[in-house]
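The values are calculated or read from the model by the stated rules, or taken from the named source; none is laboratory data. In this text, all values refer to a predicted model and were calculated from it rather than measured experimentally. Reconstructed Cβ throughout: ideal geometry from the backbone, glycine too, with neighbour counts over all protein chains shown. Ligands, DNA and RNA are excluded from the accessible area calculation, which covers all protein heavy atoms including side chains. Shrake-Rupley method; radii C 1.70, N 1.55, O 1.52, S 1.80 Å.
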Amino acid sequence: MTIAVLALQGAFIEHEQMLQKLGVHTIELRQASDLQKDFDGIILPGGESTVQGKLLHDLNMFEPLKEKIQSGMPVLATCAGMILLASDIAEQDETYFETIPMTVKRNAYGRQLGSFHTNAEASGIGEIPMTFIRAPYVESVHTDTSGNTPEILSIVEDRIVGVKYKNQMAFAFHPELDQDTQIHEAFLGMIR
């Protein structure tokens with residue numbers, strides 16, 4: 001199994017280290033030609049969603065990556081990655097891949113000082129540590145044209161912080177910054 005990690009900006013190295021700890025081979029997506037390589041799943045890391053979105057367009061990676069996601073390639077998205085997948089972003093006209101029918105609020109917990117750590121339940125996974133850094137949260141999930149609604153995986157302080165929709169898992173926090181591997185294992189379980 002090979003997992004491709006979007007490596008344009010943000011916490012991609014930590015995801016690679018987490019996967020290597022689980023014995024999984026990784027490659028980095030840095031340019032359009034990398035999308036031609038063989039891989040079984042994609043990780044969209046935390047970082048700056050605006051910067052990542054711009055770089056994806058500038059490097060001609062946006063459309064091919066969106067097509068892979070829409071055609072069923074499993075995706076794990078964390079923090080900024082969650083914003084990239086959202087169909088709607090509160091108080092912002094620009095969106096990105098729009099592959100999960102949900103409205104996400106950016107920097108929902110405030111700036112760096114609004115960062116925090118907690119332990120909470122993730123449906124089907126168990127109790128896990130959650131590190132929030134300038135994190136978004138999901139304001140609402142929507143029903144798609146086929147009648148499917150994202151499954152809510154985790155709620156912290158009455159806010160949705162984890163969802164699963166078809167082949168995509170998105171979390172507002174940074175599982176790659178904790179030692180717990182359960183989120184990555186659940187993602188790999190979608191592929192096996």
Can you spot a residue in the range 21-42 that is within 30 Å of residue 149 (Cβ to Cβ), assigned to a helix (DSSP H, G or I) and touching a residue at least 24 places away in the same chain (Cβ under 8 Å)? yes
Pair list, Cβ under 7 Å, 6 or more apart: the range 44-61 residue at pLDDT below 95 and among the charged types (D, E, K, R), other residue in a loop (DSSP other than H, G, I, E, B) and surrounded by 20 or more Cβ atoms within 10 Å (Cβ to Cβ): 48/10
Filtering the range 87-137 down to residues that are part of a strand (DSSP E or B) and out of contact with any strand residue (DSSP E or B) (no Cβ under 6 Å at 6 or more places or on another chain), which residue is modelled with the highest pLDDT? 126
Lone qualifier among 99, 143 - being open to solvent by 20 Å² or more (accessible area, probe 1.4 Å) and either touching a helix residue (DSSP H, G or I) at 6+ places or on another chain (Cβ under 8 Å) or touching a residue at least 24 places away in the same chain (Cβ under 8 Å) (or both): 143
If I go through the range 17-55 residue by residue, how many of them are touching a His at 6+ places or on another chain (Cβ under 9 Å) and surrounded by fewer than 16 Cβ atoms within 10 Å (Cβ to Cβ)? 2
Return yes when residue 14 is open to solvent by 20 Å² or more (accessible area, probe 1.4 Å), within 14 Å of the chain's Cα centre (by Cα), charged (D, E, K, R) and closer than 23 Å to residue 189 by Cβ and no when it is not. yes
